[in-house]
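Worksheet: one structure, shown below.
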Amino acid sequence: MNSEVWLGIALACLLGSIPSAYIVSRLVAGVDIRMLGDGNVGARNVYLQVGRVPGVIVAMLDTAKGAGAVLIARWLGLSEIVTLLIGFVVVLAHDWMFPLRFRGGQGQAATVGVVLILFPRETLLILALTGALLLITRNWDLSWSIGFGALPLLAWLSGKPPRQVLYPVFLFPLIGLKKLIDLPRARKLASRGE
């Protein structure tokens, strides 16, 4: 791999590891978000535990991390395969942030940022669908799963090549995997609050 590839990977790691939720929660409320709610260092936990505005700010920052990594890869002139890899790297770095001893978020906002650059029209449609489902079901996980589960289909209908159609199929399970990994900690925090 050439130096541009390593630079792209390193910048994706650095971007993904910026603990937006931790920083915003400290600045706004003086709290450690890792000790609140389910302990997730992400926008949803900030939204629920600190407030709507801080939660939205964190969501925007985390989305920007994912988008920024892909834009940097394109700016460096990296191949499509490497750019897709960098999308994975930024989400993984967000999920396991090294400044927080490898604690992190679950990657939803960072993933949105990645696919928003790779599939802009399709992602905007999916966001609208997810929002509509959320209004109907009031269930974030269900709305996300159905909405974003449709992205590969939309990519296929848009005539994207197979590697792009399959990319979300491999990227989105990272979110579910991180939820499973975080589940024991979330249960432990919940039991302390009872």
Among the residues of the range 135-157 satisfying the criterion of being more than 18 Å from the chain's Cα centre (by Cα) and either crowded, with 18+ Cβ neighbours inside 10 Å or of a type in the set (Asp, Glu) (or both), which is nearest to Glu80 (Cα to Cα)? Ala155
Going through Lys160, Lys178 one at a time, which residue ends up being outside any helix (DSSP H, G or I), out of contact with any strand residue (DSSP E or B) (no Cβ under 6 Å at 6 or more places or on another chain) and not aromatic (Phe, Trp, Tyr)? Lys160
Test each condition in (1) surrounded by 15 or more Cβ atoms within 10 Å (Cβ to Cβ); (2) in contact with a helix residue (DSSP H, G or I) (Cβ under 7 Å, 6 or more places away or on another chain) for Lys160 and report the one that comes out false. (2)
Residue count, the range 145-193, condition charged (D, E, K, R) and at pLDDT 90 or above, comes to 2
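Would you mind stating whether Gly149 is in contact with a helix residue (DSSP H, G or I) (Cβ under 9 Å, 6 or more places away or on another chain) and closer than 26 Å to Met35 by Cα?
No: the conditions fail for Gly149.
Do you know which residues across the range 87-106 are modelled with pLDDT under 90 and either under 14 Å from Ala59 (Cα atoms) or not in a strand (DSSP E or B) (or both)?
Arg101, Phe102, Gly104, Gly105, Gln106
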Answer from Ala132, Ala64, Ala109, Ala128 - the residue that is surrounded by 20 or more Cβ atoms within 10 Å (Cβ to Cβ) and part of a helix (DSSP H, G or I): Ala109
Search result, residues across the range 47-59 that are in a helix (DSSP H, G or I) and without any contact (Cβ under 8 Å) to a residue 40 or more places away in the chain: Tyr47, Leu48, Gln49, Arg52, Val53, Pro54, Gly55, Val56, Ile57
Between residues in the range 19-32 that are without any contact (Cβ under 8 Å) to a residue 60 or more places away in the chain and under 18 Å from Lys65 (Cβ atoms) and residues that are of a type in the set (S, T, N, Q) and part of a helix (DSSP H, G or I), which pairs lie under 8 Å by C-beta distance while being six or more apart or on different chains? Ser25/Gln49
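Given the structure, is Arg187 exposed (fewer than 14 other Cβ atoms within 10 Å of the Cβ) and touching a residue at least 60 places away in the same chain (Cβ under 8 Å)? I'd like the intermediate steps shown before the answer.
Working: exposed (fewer than 14 other Cβ atoms within 10 Å of the Cβ): yes; touching a residue at least 60 places away in the same chain (Cβ under 8 Å): no.
Taking the combined requirement at face value, the residue does not satisfy it.
Just give me the residues in the range 22-46 being more than 15 Å from Gly107 (Cα to Cα) and not in a loop (DSSP other than H, G, I, E, B), in sequence order. Working first, answer last.
First, the residues of the range 22-46 that are more than 15 Å from Gly107 (Cα to Cα): 23-37.
Result: Ile23, Val24, Ser25, Arg26, Leu27, Val28, Ala29, Ile33, Arg34, Met35.
Which one of Leu85, Leu124 is of a type outside the set (Lys, Arg), without any contact (Cβ under 8 Å) to a residue 24 or more places away in the chain and over 13 Å from Leu174 (Cα atoms)? Break it down stepwise before answering.
Details: Leu85 fails: without any contact (Cβ under 8 Å) to a residue 24 or more places away in the chain.
Testing whether each residue is of a type outside the set (Lys, Arg), without any contact (Cβ under 8 Å) to a residue 24 or more places away in the chain and over 13 Å from Leu174 (Cα atoms) leaves just Leu124.
If you check Leu27, Leu71, which single one turns out to be closer than 21 Å to Ile9 by Cβ and surrounded by fewer than 22 Cβ atoms within 10 Å (Cβ to Cβ)? Lay out the reasoning, then the answer.
On the way: Leu27 fails: closer than 21 Å to Ile9 by Cβ.
None of the other options fit; the residue is Leu71.
The values are calculated or read from the model by the stated rules, or taken from the named source; none is laboratory data. The structure displayed is predicted, hence computed values, not measured ones. Virtual Cβ from ideal backbone geometry, glycine too; neighbours counted across all protein chains shown.
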